[in-house]
Amino acid sequence: MRPRFIPTIASQSLGRAWYHRLEDKLELCSKYGFEAIELFSEDLEAVANSLPASHPPPAAGTSFVGSTERHESQLAAADYIHGLCVHYDLEILCLQPFMHYEGRVDPASHEAAIQELNSWIKLAQRLGTDLIQIPSSFLPASECTGDRGRIVTDLRQVADMGLHADPPIRFAYEALAWGTHVDRWDTAWSIVQEVDRPNFGTCIDTFNLAGRIFADPASPSGLATDAHDNIRGSIAKLRAELPLALAKVFYVEVCDGERLAEPLIPGHEWHDPDQPARMSWSRNARLFPFEASGYLPVVEILEAVCDAGYTGHISFELFSRTANRPEKHVPERHAQRGAMAWRKLVEHMCWDQQTSRHSSDLLRNRR
């Protein structure tokens with residue numbers, strides 16, 4: 001049987017929650033051939049704040065001891081979203097992002113994060129997913145430690161919480177290109193090995209991988225120092241190391257990034273003195289694979305991951321100024337772009353003969 005790759009898209013890739021209803025975005029995901037979604041937490045919050053009359057939240061304290069009105073609204077929203085996804089035949093791959101968790105310096109802040117995670121575990125179970133994504137923290141260095149032992153201990157704690165949940169919950173740890181202490185895929189990968197729990201793995205994201213070692217949006221060239229040597233070495237490492245623990249790759253995200261006409265430094269319209277240039281670039285200028293202006297070696301990274309033996313969800317996690325707009329056409333236009341990118345990816349990767357609910361012809365006709 002040929003390898004199976006599942007077309008997946010993050011919910012915010014079709015438009016941000018403050019402008020665009022999740023109900024409409026889920027319908028478009030199904031219409032344009034996607035089989036699974038990553039549920040972005042802002043979409044769940046938006047639904048919780050505008051539940052239909054058919055799904056009123058119960059009173060505080062109903063679902064678990066100490067639950068608040070907010071908890072009950074979120075849980076009711078999770079039930080409602082689960083029902084919508086069943087209706088549209090969509091799998092919820094994961095709930096994300098559980099942010100700024102590992103290495104918190106303040107014990108009270110860490111305990112608050114643990115309490116929030118307990119709520120997320122309940123939400124994941126109501127949604128019908130067994131996976132929560134944890135991106136590496138980008139809190140200021142004064143608020144989070146880079147001590148390796150502490151990071152591993154914190155992440156092992158959440159893994160153990162997930163193992164004791166009923167049903168169990170998995171966690172996918174991802175290195176953000178602007179993470180305070182963990183900003184490279186191989187650092188996250190080695191941490192996953194050290195955590196050493198069966199329910200704790202990684203998400204490999206082509207944008208964040210290449211965005212850290214290949215790209216530098218603050219450089220006039222758009223490239224990091226030794227960019228090509230860096231990416232060659234990293235791809236070789238993917239090919240060498242992933243087969244040794246392939247089950248730890250829980251899923252893969254594939255997006256490109258725009259090469260900017262001007263470096264993202266003071267004076268650039270996206271420059272924000274309070275955040276790294278790579279974060280500002282990421283929030284404004286991601287692209288679907290094969291789109292114009294993209295310059296990251298995303299396909300080469302994906303080829304290495306798949307050659308190592310990976311099969312499963314291939315997700316488009318897009319953040320872009322184009323998805324931040326309020327116009328009504330935004331969700332459908334992004335669904336169309338995603339479908340076109342999937343078709344091109346299928347053809348390039350020679351996945352066109354795989355068994356799938358959606359043929360490449362269907363995606364081709366929906367351009």
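The values are calculated or read from the model by the stated rules, or taken from the named source; none is laboratory data. Remember, it's a predicted structure, so these values are computed and weren't measured experimentally. All Cβ positions, glycine included, derive from the backbone under ideal geometry; neighbour counts span all protein chains shown.
Name every residue in segment 125-153 that is touching a helix residue (DSSP H, G or I) at 6+ places or on another chain (Cβ under 8 Å) and within 14 Å of residue 97 (Cβ to Cβ), in order of residue number. Don't jump to the end; show me each part of the working.
First, the residues of segment 125-153 that are touching a helix residue (DSSP H, G or I) at 6+ places or on another chain (Cβ under 8 Å): 126-128, 130-132, 134, 136, 138, 143, 145, 148, 151-152.
Within segment 125-153, 131, 132, 134, 136, 138 qualify.
Does residue 297 satisfy the criteria of being modelled with pLDDT of 95 or more, more than 25 Å from residue 95 (Cβ to Cβ) and surrounded by fewer than 20 Cβ atoms within 10 Å (Cβ to Cβ)? Write out each step before concluding.
Details: modelled with pLDDT of 95 or more: yes; more than 25 Å from residue 95 (Cβ to Cβ): yes; surrounded by fewer than 20 Cβ atoms within 10 Å (Cβ to Cβ): no.
Against the criterion (modelled with pLDDT of 95 or more, more than 25 Å from residue 95 (Cβ to Cβ) and surrounded by fewer than 20 Cβ atoms within 10 Å (Cβ to Cβ)), residue 297 does not qualify.
So which of 141, 215, 227, 172 is under 22 Å from residue 280 (Cα atoms), touching a Leu at 6+ places or on another chain (Cβ under 8 Å), among the small types (Gly, Ala, Ser) and modelled with pLDDT of 95 or more? Show your work before the answer.
On the way: 141 fails: touching a Leu at 6+ places or on another chain (Cβ under 8 Å); 227 fails: touching a Leu at 6+ places or on another chain (Cβ under 8 Å); 172 fails: under 22 Å from residue 280 (Cα atoms).
215 is the lone residue from the list that is under 22 Å from residue 280 (Cα atoms), touching a Leu at 6+ places or on another chain (Cβ under 8 Å), among the small types (Gly, Ala, Ser) and modelled with pLDDT of 95 or more.
Among what's in segment 8-40 and is over 14 Å from the mean Cα position of the chain (by Cα) and within 18 Å of residue 311 (Cβ to Cβ), pick the residue that is surrounded by the most Cβ atoms within 10 Å (Cβ to Cβ). Let's see the steps before the verdict.
Restricting attention to segment 8-40, the residues satisfying the condition of being over 14 Å from the mean Cα position of the chain (by Cα) are 15-35.
Of the ones still in play, those that are also within 18 Å of residue 311 (Cβ to Cβ) are 34-35.
Values: 34: 27, 35: 18.
Once the filter is applied, the top-ranked residue is 34.
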Go through 246, 242, 260, 287 for me and flag whichever is among the hydrophobic types (A, V, I, L, M, F, W, C), at pLDDT 95 or above and surrounded by fewer than 18 Cβ atoms within 10 Å (Cβ to Cβ). 246
Inspect segment 225-242 for any residue being part of a loop (DSSP other than H, G, I, E, B) and over 19 Å from residue 318 (Cβ atoms) and give the result as yes or no. yes
Do we find that residue 308 is surrounded by fewer than 22 Cβ atoms within 10 Å (Cβ to Cβ), more than 30 Å from residue 193 (Cβ to Cβ) and of a type in the set (A, V, I, L, M, F, W, C) in this structure? no
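Here's the yes/no breakdown for (1) loosely packed, with under 12 Cβ neighbours inside 10 Å; (2) touching a Pro at 6+ places or on another chain (Cβ under 8 Å); (3) more than 21 Å from residue 131 (Cα to Cα):
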site: 45; (1), (2), (3): no, no, no
site: 49; (1), (2), (3): no, no, yes
site: 53; (1), (2), (3): yes, no, yes
site: 59; (1), (2), (3): yes, no, yes
site: 68; (1), (2), (3): yes, no, yes
site: 76; (1), (2), (3): no, yes, no
site: 83; (1), (2), (3): no, no, no
For segment 248-266, does any single residue satisfy the condition of being part of a loop (DSSP other than H, G, I, E, B), charged (D, E, K, R) and at negative phi? yes
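Suppose the filter is in a loop (DSSP other than H, G, I, E, B), among the basic types (Lys, Arg) and either farther than 26 Å from residue 92 by Cβ or at pLDDT 95 or above (or both); does residue 325 pass it? Step through it out loud before you land on a result.
Values: in a loop (DSSP other than H, G, I, E, B): yes; among the basic types (Lys, Arg): yes; either farther than 26 Å from residue 92 by Cβ or at pLDDT 95 or above (or both): yes.
Yes, satisfied.
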